[in-house]
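The values are calculated or read from the model by the stated rules, or taken from the named source; none is laboratory data. Keep in mind the model is a prediction, meaning the values are calculated, not measured. Cβ sites come from the backbone with ideal geometry, for glycine too, and all protein chains shown count toward neighbours.
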Amino acid sequence: MSPKIILISLDGATASIVSSYLDNGVLEANKGLGLLRSKGVAAANETITPSLTAPSHIAIATGSTAANNDINANSFHLVASPFNQNVSGFVAPIGGYSVGIDGPVESEDPTAEPLWLDLRAAGKKVVTATFPGGDGIDIRLNPNDPNSPILQSKEARTVDYTVPFGAFGGVGAKGFNLSAADFAPASGAIVKQLTAAGKASFSPILQTKTSLDRFSVAGINYDIQVAALDTTNDNQINYATLAIFDVNSGIKPTPFNLPATGPAYIKAGDNTSKPFYLEGTPNKAGTAFYVSNLAPDLSTVRIA
């Protein structure tokens, strides 16, 4: 079998930190990074300036610093763009672009190129997963205008297989502490919606008295609430499932057309996050919910 190269980027994990953890036994020598080091080739890398996520990843892909690859921050101003408009460093033209009498256009001779161009030209297959630049899209001066000039065509950003990087939707991580006092009998509308969705409860369905969280993404407002269901048929009051939903969208039955997820249904002890798509957002944003503690009587409910 021909050798394969897997490049793993760990944000903030410098070579010295990883080496010290391996040497001190914090990281096991026969697992994960320790196994890779013992079975493969390890080399220290040099942190670029500025040591930000987008510039660092583009430097890895091109072998050049921001002075040549033109990605100098996670968000910055393109020369020919409107004064009040910035571009994300994750979806900016790699190696710059030209600005002449005809306005901004794609450069015929970029000052840096990602490694996957040469690899694919040599007949290799390249896979990128959430790696800036390997998104396969046309980069335009104004990303919201399909008629805006192309600064870098998708051909320079296309690999064989990819999971696009995406962007931050604007909703940061939070923790929520609830108790039985935060719940009351669910409204008739919510009970009907849960029933229509095939969600049965062996005790009265309860619902948070107030919103778990309220926020706005790309101008769309979201009002997140929680319903508690007793899904264990054991002749006891045993609330074991939470339905986390947006009041504005309501609770809809399956199936859902991806990326839609509907409510996040989480059972006690799932020990996994459940994805939650924010319906209606133009930038296809989403989040996830995790329940770390769910007492049967709802005396303790911990949600992240």
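Just to be sure, is Thr14 under 30 Å from Gln152 (Cα atoms) and either without any contact (Cβ under 8 Å) to a residue 40 or more places away in the chain or of a type in the set (Ser, Thr, Tyr) (or both)? For Thr14, the condition - under 30 Å from Gln152 (Cα atoms) and either without any contact (Cβ under 8 Å) to a residue 40 or more places away in the chain or of a type in the set (Ser, Thr, Tyr) (or both) - is not met. Mind listing whichever residues of the range 257-302 are among the aliphatic types (A, V, I, L, M) and closer than 20 Å to Asn221 by Cβ? Ala260, Ala264, Leu278, Ala285, Ala288 - these are the residues of the range 257-302 that are among the aliphatic types (A, V, I, L, M) and closer than 20 Å to Asn221 by Cβ. Of the residues making up the range 270-304, those that are β-branched (Val, Ile, Thr) and either surrounded by fewer than 12 Cβ atoms within 10 Å (Cβ to Cβ) or more than 26 Å from Ser187 (Cβ to Cβ) (or both) number 1.
Considering the conditions (1) of a type in the set (A, V, I, L, M, F, W, C); (2) more than 26 Å from Ser2 (Cα to Cα); (3) surrounded by 15 or more Cβ atoms within 10 Å (Cβ to Cβ), Phe131 is excluded by exactly one of them, (2). Residue under question is Lys267, and the condition is that it be assigned by TED's automatic domain parsing to the domain that holds Ala196, at pLDDT below 95, under 16 Å from Ile205 (Cβ atoms) and surrounded by 14 or more Cβ atoms within 10 Å (Cβ to Cβ); does it hold? Answer is yes for this residue. Screening Ala54 against (1) small (Gly, Ala, Ser); (2) part of a helix (DSSP H, G or I); (3) assigned by TED's automatic domain parsing to the domain that holds Ser153; (4) without any contact (Cβ under 8 Å) to a residue 12 or more places away in the chain leaves a single unmet condition, (4).
Please indicate, with yes or no, whether at least one residue in the range 20-28 is in contact with a helix residue (DSSP H, G or I) (Cβ under 7 Å, 6 or more places away or on another chain), over 30 Å from Pro93 (Cα atoms) and charged (D, E, K, R).
Going residue by residue through the range 20-28, those that are in contact with a helix residue (DSSP H, G or I) (Cβ under 7 Å, 6 or more places away or on another chain) are 22, 27-28.
The next check asks that each one be over 30 Å from Pro93 (Cα atoms); those that pass are 22, 27-28.
Of the ones still in play, those that are also charged (D, E, K, R) are 28.
Checked against the condition, which is being in contact with a helix residue (DSSP H, G or I) (Cβ under 7 Å, 6 or more places away or on another chain), over 30 Å from Pro93 (Cα atoms) and charged (D, E, K, R), the range 20-28 yields at least one hit.
For the range 239-250, the count of residues that are closer than 19 Å to Lys267 by Cβ and either modelled with pLDDT under 95 or not in a strand (DSSP E or B) (or both) is nonzero. Residues in the range 18-43 that are among the aliphatic types (A, V, I, L, M), within 30 Å of Leu117 (Cβ to Cβ) and surrounded by 10 or more Cβ atoms within 10 Å (Cβ to Cβ): Val18, Leu33, Leu36, Ala42. Could you figure out which of (1) in contact with a Leu (Cβ under 8 Å, 6 or more places away or on another chain); (2) crowded, with 18+ Cβ neighbours inside 10 Å; (3) free of Cβ contacts under 8 Å to residues at least 40 places away in the same chain isn't true of Tyr239? Condition not satisfied by Tyr239: (3). Of all residues in the range 279-292, those that are modelled with pLDDT under 95, of a type outside the set (Gly, Ala, Ser) and either in a strand (DSSP E or B) or under 29 Å from Thr232 (Cα atoms) (or both) total 1.
Among the residues of the range 64-105, those that are surrounded by fewer than 18 Cβ atoms within 10 Å (Cβ to Cβ), of a type outside the set (A, V, I, L, M, F, W, C) and in a strand (DSSP E or B) comprise Ser75, Ser88, Ser98, Gly100, Gly103. The residue list Asp118, Asp102 contains one member that is acidic (Asp, Glu) and more than 22 Å from Thr158 (Cβ to Cβ), which is Asp102.
Out of curiosity, is Ala61 part of a loop (DSSP other than H, G, I, E, B) and either closer than 16 Å to Thr14 by Cα or in the same structural domain as Asn142 (by TED's automatic domain parsing) (or both)? In short, no. Here is a check on your reading of the model: is Ala228 without any contact (Cβ under 8 Å) to a residue 40 or more places away in the chain and surrounded by 13 or more Cβ atoms within 10 Å (Cβ to Cβ)? In short, no.
Listed here are the strands (runs of 3 or more DSSP E) enclosed by the range 148-232 that have at least 1 residues being under 30 Å from Pro255 (Cβ atoms) and either more than 21 Å from the chain's Cα centre (by Cα) or of a type in the set (A, V, I, L, M, F, W, C) (or both): 161-163, 176-178, 183-185, 206-208, 213-217, 220-229.
Among the listed residues Leu278, Leu212, Leu258, identify the single one that is assigned by TED's automatic domain parsing to the domain that holds Phe183, over 30 Å from Val91 (Cα atoms) and of a type in the set (A, V, I, L, M). So the residue among Leu278, Leu212, Leu258 that is assigned by TED's automatic domain parsing to the domain that holds Phe183, over 30 Å from Val91 (Cα atoms) and of a type in the set (A, V, I, L, M) is Leu212.
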